[in-house]
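S.K.: Here's a structure for you.
The values are calculated or read from the model by the stated rules, or taken from the named source; none is laboratory data. Since we're looking at a predicted model, the values are computed, not measured. Neighbour counts are summed over all protein chains in view; Cβ atoms, including those assigned to glycine, are modelled from backbone coordinates with ideal geometry. Please note that ligands, DNA and RNA were not included when accessible areas were found on the heavy atoms of the full protein model with its side chains. Shrake-Rupley method; radii C 1.70, N 1.55, O 1.52, S 1.80 Å.
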Amino acid sequence: GFHQYGCNPTAADTALFPVESPALCTVTRRLRGQPGVASRALQEAGECNVASLGDLGSGSAHNCLGKTAGETCIIECAYGYSGDPTVRFCENNGDFSGIEVPTCEANPCTKGFPNGLGVSHTCSGIATGGSCEAACAQGYSGSSTQFTCRSDGEVFGSAPACIAKACGELSLDVQYDSELCSGKTTSQTCLVGCSEGWSLVGSVTSYECKAAGSFSGSLPECTAKQCTEGVPSGSDLNTPESCSSLTTGQMCSVVCADGYEGGVAEYTCGTSGYLTGSLPTCTLKVCPNSLPLGKLSNNCGDGVTFSSSCIVACADGYRLEAGSSSQQWQCAWDDVSAVVLQGTLPQCEPVPCEYNLPYGAKVVHNCTGIGTGIDCLVECAPGFAGSSEKQVCQADKTLHGTAPICEALLCPARDVANVVNDCGSTKFGGKCFASCADGFAGTPTSWMCGLDGQGGVQLQGDSPTCEARTCIYNIPVGLAYAHSCENLENGETCAVSCADGFVYESGVESPTVLTCDTDRSLAGLLPECLIITTTTTKTSPTEASTTTSTFSLTGSSSTSTSSTSTPTATNTMTSQTISATIATATRTTPTVTSTSTTATASTTTATFTTAEAYVEISGGFTLEVDAADLETFVNDPQVKEALTATVAEISGAAVEDVELNVSIATRRLQSPLPDRRRLAAASVVVSYVVTVPQDDGSSTTATGSSTSVLKALTNMNAASVSSALTPNLEARVGAGTYTVVVQSVAAVVTKVIRQITTTPSAGTSAAPVTPVTVESSNVGVIVAVILCILGAVACIVGMVLLGVRRSRQKGESPLLAGNANVEVYGPIAIVAVPEPPLQDEEVALEI
C-alpha cells in the first residue's frame, strides 16, 4: 500500500508532507489564454504517459497511472524497501516532468531464520528479495533447502531434515569399560567406567560423539584389583612372594621346592580375583654339588644321587693343614627333608691376598688379611648409601669382585626458628649456608653435612642469632591518629584510634589493628577520623567567652561543639573534608550561681585572668626520593634539618616552632572508603606541626603571626616546597646526594591551645567569691539568649550552604578553584585546599 502524503499547492515547488488523511490534488481542466486577452478558454486535459517516468529502479512503486495534465503523482519505495519519496507532474504534452527517482534500499530480514537439530544457514544479513541456503551441519546428513527474504522482513522457506551421524566404536585399553558408547550419534554422550577386575578411583567420565565422527573425553582413573585367592601351595612347590601380591592381568612363576625337580608353571591374576594356572609335576632330585669351590676340589661332578658319595680335597692355592686329610661326602636327607651332600670338609690353609684391596673414603671392608677362596664384604662407609658387594681372594693373591657404587647421603632438613637455608640438596661432606628469615636480622653461618652418630647424617654447625627487625614503614602519621606502633617487631600488632580532638566518622568508637609484616611495613586498616576544634576559657567572677562551632562536612557524619576561646576563623578541608569555624563576638557577663539560698555578703575579691593562646597548624607533604636506601634518607639528621628549615622558610615561623616527622610508605594502607587518598608506593611522608602564638587578627601580614603562618601554609604547594627544599638540601648534604620530587601537599589542620593563668589583684585578699542568687526570671532570660545564639548559628550555616550551592551552579565553586581559596560568607570563613581537583560529580557537601 501507498503511504499518505499531502501536497502544498502554494509553494514555489510542489512539496510533500505526511498527513493522516491524504490531500486530493486533482486538475480536470486548465485555463489557457493569450497575454492581454481578458477571456480564457477551458481545455480538457489528457492522461500522461507512464513510460515518461523513466527507469525507476528496483524496489520502487508509484500512483502515476491515469494521471492527467496538471495532476501530480508520488514515486516511493515499495514495501520491504527504505528511501525518501519523490513527486512528478503531468504536463500538457502528456509526459511527466522531472527525473528524480527515490533511492530505495532493501530492508534486511530479521526473523524466521532456519533452525532445527544440526541445521546451519547463510541467511544472516540478507535483505528483501535475497535468498540463502539452509544445510545440515558437520556430523549431520540431509539435503539443503533455499530460503527467501520477504518484504515483511521474514525469511521464508522449509528447514532441511538433518539426521545425526553415528560415531565409530570407542576403542580404549582393557581396564576401561566403554560399552555404553556403542551406537552413539553426533552430540550424544556416554559414560566410561572401569572393567571388571579394576577399581574406579573417583567417578566415571563422559565422552561426547563429535561432528567428525570420533569421541572426545577424558579417561577415568582405574586401578587393578589384587588377587587374594588361588595362590598355589605345597611342600614340593616354591611359590614366590610375588604371587601373593599380583593384580589383575599380572603373572608369576611357580617352581618345585628344594629337593624336587619338575617344570615351571605360570599363574595369572584374573578379573575374578583368583590366580589361575596348572601345578608343576615335581620329582625328587639328586644332591647338587654345593660344595665350596674356593679352597676345595671334589669329584662330585654335577651332582650325587641319593646315597652316593664323592671325595673332597684342597683346591689349587690351598694345602691341607697338619693332621688333616681328604674327606668323603655322601648325598643324604637333611633335617628339613631335603637331599644334600653331607660330610666333613678338609682343613685347607689359604694363601693371603695382597693385591686389588678396596680403598677410598666411600667404602669400608674386612678384606685385609684374607686368603685364597675367602670372601670379604665391601660396604659403603658411613655417610654414603649403596649396595654391599662380596669379593673373593683368588689363588693368584688378587682380590676379585665388583666394587659397590656409593652415593653420599642427602642431609635431612634442619628447622630452626626464624632461620632459612640453602641446604635442600646438601649431601654428606657438603657445605651450605643459613641466614635469618624475612623480618629478622643476624649474621649468616655455614653448616656442614656430617654423621649423626646413629648411622645417618645431619646438618651441623652453629645457627645464626636472629633478632626480630622493627617495622619502619607505614607507621601512621598525622594528628588524627593515636597509636603505639613504633618499634614493633615482626608479627606484633598495635592499635590505632582517633586522637584527642578527633572523632570516628561512623560515630562509634572503632579503633583498628595494624600488624608488623615481614617486609618491615605495617599492614591493616586505618580508622576514619574527623577533626573537632574545641577551646574553653573560664574566669570568675567575670567570664570572657567566645563560642566556636565546628561543622565537619564529609560523608554522612557531622559534629558540632561549642567552646570558649579567642575569636578565630580558621577552617580546613582535608581531602574532601571541610571544617567551617563560626566566630561570634566576645562579651563579658557576670558569673552566676543558682542556689536555693542567698549567700551572705563577704569581702569582695578582684581576680585578674590572663590567657595565652597558641595556634597549632599541622600538615604534610609526600616526596619521591631516588636513593639506594630510603632508610638512609629518612634517618639522615641533615635531611631532617633541611626539611624543618623548608617548612619554617615557607611559613615564616621560627625553626624552633616547627616539629617534623619523616617516615617511609612502601605499601598502601587499605581503607574501607574508596574516596580516601592513599600514599603511593616507595614514597617518603613528611608531617609537620607549627605552633605559634595566636594573634588578634589585626596584623595579618606580619611575618610570624598566626594568621600569616596559616595563610602561607594554606597556600603552600608542590612548586613552593620544591623551590625551598632544593637549596636547603644542597646546603646541608651537598648537591646530587639525593634526587627529590615533591609528589603532593596535604591540606593543613589548625587547633587552638589556650593556657590560662588566674591571679588575685594587688592589695586584695583571695577571699571566696560571693555566690549571686538569681531569680527564676533571670534564668529564663539566660536560656532564651542561648537559644537565640543557637538559632543564629543555624541561619548562618544555611546561608553558607546556599552560597556554596549557587557558586557551584554557576561553575564558580570556591572549593574547586586553584590550590587554595578563602571565601567569606558573613562571619564564616572557609579555607578550601582541594588536592587533587575533584570532578563535579565527586563533590558532596552534607551537614
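S.K.: Along the Cα→Cβ direction, 7 angstrom out, place labels at ASN63 and GLN327. What is the inter-label distance in nm?
M.R.: 13.9 nm
S.K.: Okay, next question. Between segment 452-527 and segment 51-114, how many Å separate their Cα centres?
M.R.: So the separation of the two Cα centres works out to 85 Å.
S.K.: According to the square roots a ≥ b ≥ c of the eigenvalues of the Cα gyration tensor, what is the shape class of segment 340-470, taking rounded for a/c under 1.5, prolate for a/b larger than b/c otherwise, and oblate for the remainder?
M.R.: Cα axes put segment 340-470 in the prolate bin.
S.K.: Per the Cauchy relation, a quarter of the hull surface: what is the mean projected area of the convex hull of the alpha carbons in segment 470-527, in nm²?
M.R.: 3.6 nm²
S.K.: For LYS431 paired with ALA338, estimate the spin-label separation in nm (one decimal), with each label point 7 Å from Cα along the Cα-to-Cβ line.
M.R.: Distance between label points: 5.5 nm.
S.K.: With a Förster radius of 60 Å, plug the Cβ-Cβ distance of THR122 and SER387 into 1/(1 + (r/R0)^6) and report the FRET value to the nearest 0.05.
M.R.: Calculated transfer efficiency: 0.20.
S.K.: What's the Cα-based Rg to Rh of segment 318-408, Rh via Kirkwood?
M.R.: The Rg/Rh ratio comes out at 1.14.
S.K.: Take the Cβ-Cβ distance between THR205 and GLN146 as r, set R0 to 41 Å, and report the resulting FRET efficiency rounded to the nearest 0.05.
M.R.: Given R0 = 41 Å and the Cβ-Cβ separation, E is 0.45.
S.K.: Moving to a separate point now. Got a sec? What order do GLU76, GLU91, GLU229 fall in by accessible area at 1.4 Å, biggest, i.e. largest, first?
M.R.: Sorted descending by solvent-accessible area, the residues read GLU229, GLU91, GLU76.
S.K.: Pop out the Kirkwood hydrodynamic radius of segment 351-402 from its pairwise C-alpha distances, inverse of mean 1/r, in Å to one decimal.
M.R.: Across segment 351-402, the inverse of the average 1/r is 11.0 Å.
S.K.: Let me see the pair-distance distribution of segment 388-457: every alpha carbon pair, 5 Å bin width, integer percents in order.
M.R.: 3, 14, 17, 14, 11, 9, 8, 7, 5, 4, 4, 2, 1, 0
S.K.: Turning to a different aspect of this structure: Could you give the nm distance between label points at GLU47 and ALA792, where each point is 7 Å from its Cα heading toward the beta carbon?
M.R.: 9.8 nm
S.K.: Could you tell me the calculated FRET efficiency between GLU221 and THR518, based on Cβ-Cβ distance and R0 = 60 angstrom, to the nearest 0.05?
M.R.: 0.90
S.K.: I need the Kirkwood Rh of segment 164-279: take the reciprocal of the average 1/r across all distinct C-alpha pairs and report it in angstrom.
M.R.: It is 16.5 Å.
S.K.: Per residue, how big is the convex hull of segment 425-511 when only Cα atoms are used? Give it in Å³.
M.R.: Cα convex hull per residue, to the nearest whole number: 149 Å³.
S.K.: Normalised by the empirical 2.2 N^0.38 Å for globular proteins, what value does the Cα Rg of segment 274-317 take?
M.R.: For segment 274-317, the normalised Cα radius of gyration comes out at 1.80.
S.K.: For LYS184, give me every one of the lysines with a C-alpha distance below 29 angstrom, ignoring sequence neighbours fewer than eight places off in its own chain.
M.R.: Of all the lysines, those that pass the test against LYS184 - Cα under 29 Å, at least 8 places apart if same chain - are LYS165, LYS210.
S.K.: Averaging the inverse of every distinct alpha carbon separation and then flipping it gives the Kirkwood radius. What is it for segment 40-176, in angstrom units?
M.R.: 19.0 Å
S.K.: Something else: What is the set of long-range amide H partners of CYS314 at a cut-off below 5 Å, with H atoms built 1.01 Å from backbone N?
M.R.: SER297
S.K.: Quick one: length gained pulling ASP375 to GLU261 fully straight, 0.36 nm per residue minus the C-alpha distance?
M.R.: 38.0 nm
S.K.: Hey, another quick one. Can you give the Rg to Rh ratio for segment 237-342, taking only C-alpha atoms and Rh from Kirkwood?
M.R.: 1.20
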